[in-house]
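Data block below; observations after.
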Amino acid sequence: MNQSNPDFTVTQFQRQDSLTGMSLGQLKPELYKQRSLDVEDNRSSRVGSCGCLHFILKYDCDLEQLIVKIHRAQDLPAKDFSGTSDPYVKIYLLPDRKTKHQTKVHRKTLNPVFDEVFLFPVAYADLPTRKLHFSVYDFDRFSRHDIIGQVVVDNFLDLVDFPSETKLCRDIQYDNVDLGDLMFSLCYLPTAGRLTITMIKARNLKAMDITGASDPYVKVSLMCDGRRLKKRKTSTKRNTLNPVYNEAIVFDVPPENIDQISLLIAVMDYDRVGHNEVIGVCRVGNDAEGLGREHWNEMLTYPRKPIAHWHPLIEVRIAQFWSHLTSVLSPKPSLNHLDVLWQTLNGPVHVPS
Ligand SMILES: [Ca+2]
Ligand SMILES: [Ca+2]
């Protein structure tokens, strides 16, 4: 390590160690145990499935309306630290987003019975162009509600029994939840040992606030062996889902260290009250996957040239948190590593009510 380099000093490591040591007591290690149990559960179920939703569709030809009865949800994943969720369902008949219906919240259950009926006025001839969109959420009293997953139904006329009463049970999918994309450029100057990441813009970010928008800023962490060496952030853009930044963030990384580091990039929602929340993350580096690695290699292949790409954001899910650990840390992750990474992604651990 280059001792004269501000991003790679020994004191930096020592400081991280002491921070980690300090935070261990405050962070309640039993919380990690809960997380690891959740991961085991997720592995045993189908990939991308978050339980299933039972509902009934019917078309009333006289009144020209689609009748949707949301019956119940089954085997929902736990979103709260208590090991349960507070589910409710929002429903749209796309492409119309103005008419939104929503069930009541059912507290502390993974198998809620809703039995609520919703009506969507729509001409029968228009049905082939419409899509029924269910979003299952976990209510949280003091923070943004977490999305559990979605179900989309289209091609109504192909459904058996339709337009008569049609009972359906569909898997709730998490995969199609869109968090938005982030565009940034990477540029490396080997002689100066300077890594520049220019945050350009983001698009279609997930709305985190009740206003239907977010207050996004981007936090970039320089990571080495699962430890955060440095972090920098952009300015905050208020009340938008399509922020434009054009802000450069510079890290000093000597060529002999460039293969050891990676960047963890988190798009955050600023909140005036309460703590800021992660909208989505992406990672670039030698040990990143897919585009994150390709972008990094392209940067190294063409030194001194800024190279820009769009990156889809992924959610900080516990599963990814663990797979990230196993891919980055070797051979065995310690609790210290867990702490650092968890805090890097989420800030101090916040226990929802
Ligand atoms: Ca909750
Ligand atoms: Ca906000």
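Applied to the stretch 284-292, the Karplus parametrisation 6.51 cos²θ - 1.76 cosθ + 1.60 on θ = phi - 60° returns per-residue 3J(HN,Hα) values of 10, x, 4, 9, 6, 10, x, 4, x Hz, with x for Gly and Pro.
The chymotrypsin sites (Phe, Trp or Tyr not before Pro) of the stretch 68-151 that meet both conditions, a loop assignment by DSSP and at most 11 other Cβ atoms within 10 Å of the site Cβ, are 142.
Quick check on my link table: of 98/233; 131/206; 98/206; 58/79; 219/305, which ones sit more than 25 Å apart, alpha carbon to alpha carbon?
Working: 98/233 35 Å; 131/206 20 Å; 98/206 17 Å; 58/79 32 Å; 219/305 23 Å.
Over 25 Å apart, Cα to Cα: 98/233; 58/79.
The residue 108 and residue 272 beta-carbon pair, evaluated with R₀ = 30 Å, returns a calculated FRET efficiency of approximately 0.55. For the stretch 64-136, the list of trypsin sites (Lys or Arg not before Pro) that fall in a loop by DSSP and count at most 14 other C-beta atoms within 10 angstrom reads 104, 107, 108. Cβ crowding within 10 Å ranks 169, 282 as 169, 282, fewest other Cβ atoms first.
Readers should treat all values here as calculations from the given coordinates under stated rules, not as data from a laboratory. Note that the structure is predicted; figures quoted are calculated from it, not measured. No Cβ is skipped: glycine too gets one built from the backbone with ideal geometry, and neighbour counts run over all protein chains shown.
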